[in-house]
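The values are calculated or read from the model by the stated rules, or taken from the named source; none is laboratory data. Please read these numbers as outputs of a predicted model, since none were measured by experiment. Positions of Cβ are generated from backbone atoms using ideal geometry, with glycine treated the same way; all protein chains shown enter the neighbour counts. For the accessible areas, the whole protein counts, side chains as well, though only heavy atoms, and no ligand, DNA or RNA atoms are used. Shrake-Rupley method; radii C 1.70, N 1.55, O 1.52, S 1.80 Å.
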Amino acid sequence: NPQRIYGGAQDNGTVRTLTGGLADWASIFGGDGMGPLVHPTNPQRIWAQYQYGSLNYSSNGGTSWVSATTGIGGSDRRNWNSPVCFDPANPTRMYFGTQRVYRSTNGTSWTAISPDLTGGPAGGSSGQVYGTLTSIAASPLDGQVVWAGSDDGRVQVTVNDGAGWTDVSAALPDRWITAVRPSPHDRATCFVTISGFRWGSPLPHVFRTTDLGVNWTPIAGDLPEVPVNDLAVDPTDPQRHFVGTDLGAWETTDGG
């Protein structure tokens, strides 16, 4: 039901409208709201998260909640906005990131399927945690292919369902990976968006690989010199992409 819209707001929790209206948004979970998820075939199943990976689950449409982090190491490093996603080809499988990738088949208990995929722990100001995964995505065409990006510039990929991981980030800038987005058109193609905000670097970094990360091509083109935060590929047109930046949303119809 596309009229049911969910969102997270810093300091204002997780909110939603069930009608698509302007005046009936309601809070369903507190804390700093991150990116909520709704199960694609059962709208009663909802996941909401607040700061540092505090993931929670509701089986009754948001009326009540339970913690959904069983199996995730208590000493693991978790990003302020920890990545969590469905396997688009198999929504019974979900992924969650600390410094490692975890997988779940029930949405509440998790098993690690990777080692530490970052450069290790690093301190930060104001209690920030660094050395964490910031984005995870499974290929919609092959569930064996899973990508992960980190806050310290690493991009890693597995092509065998987590049995082995390969660091494919040597040619990428050493900056915060904001999104890894596998192509819905080609198994070996993936896009990476990058932000240099933490380093005072405004350059718009967007990269594409067509060979599972062996080579990367910059496709920022004529984007303004601001951090890029996310990317979506049109599932009906492999040349049409959208990016969200610190200066709004942008579209390309020629592959960048």
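If you take the square roots of the eigenvalues of the alpha-carbon gyration tensor of the chain and sort them as a ≥ b ≥ c, do you get rounded (a/c under 1.5), prolate (a/b over b/c) or oblate?
rounded
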Could you tell me the accessible area of residue 116 in Å² (1.4 Å probe, neighbours in place), rounded to the nearest ten? 60 Å²
Once phi is turned into ³J(HN,Hα) by the Karplus curve 6.51 cos²θ - 1.76 cosθ + 1.60 with θ = phi - 60°, what whole-Hz value does each residue of region 6-15 show in order, with x for glycine and proline? 10, x, x, 9, 4, 6, 10, x, 9, 10
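Apply the a/c threshold of 1.5 to the C-alpha gyration tensor of region 181-256 and tell me whether it is rounded, prolate or oblate. Let's see the in-between values first.
Working: a/c = 2.21, a/b = 1.44, b/c = 1.53.
Cα axes put region 181-256 in the oblate bin.
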Rounded if a/c is under 1.5, else prolate if a/b beats b/c, else oblate: with a ≥ b ≥ c from the C-alpha gyration tensor eigenvalues square-rooted, which is region 123-172? prolate
Hey, if you put +1 on the Cβ of every Lys and Arg and -1 on every Asp and Glu Cβ in the chain, which of 192, 158, 18 ends up farthest toward the positive end of that dipole? 18
Residue 206's amide H: which non-local residues (gap 5+, or another chain) put their own amide H closer than 5 Å, with H modeled 1.01 Å from N in plane and none for Pro or chain starts? 219, 220
Cα centre as origin, Lys/Arg/Asp/Glu Cβ charges: region 192-256 dipole, Debye: 220 debye
Long-range amide H contacts for residue 178: which residues qualify at under 5 Å (H placed 1.01 Å from N, peptide plane, sequence gap of 5 or more or a different chain)? 193, 194, 195
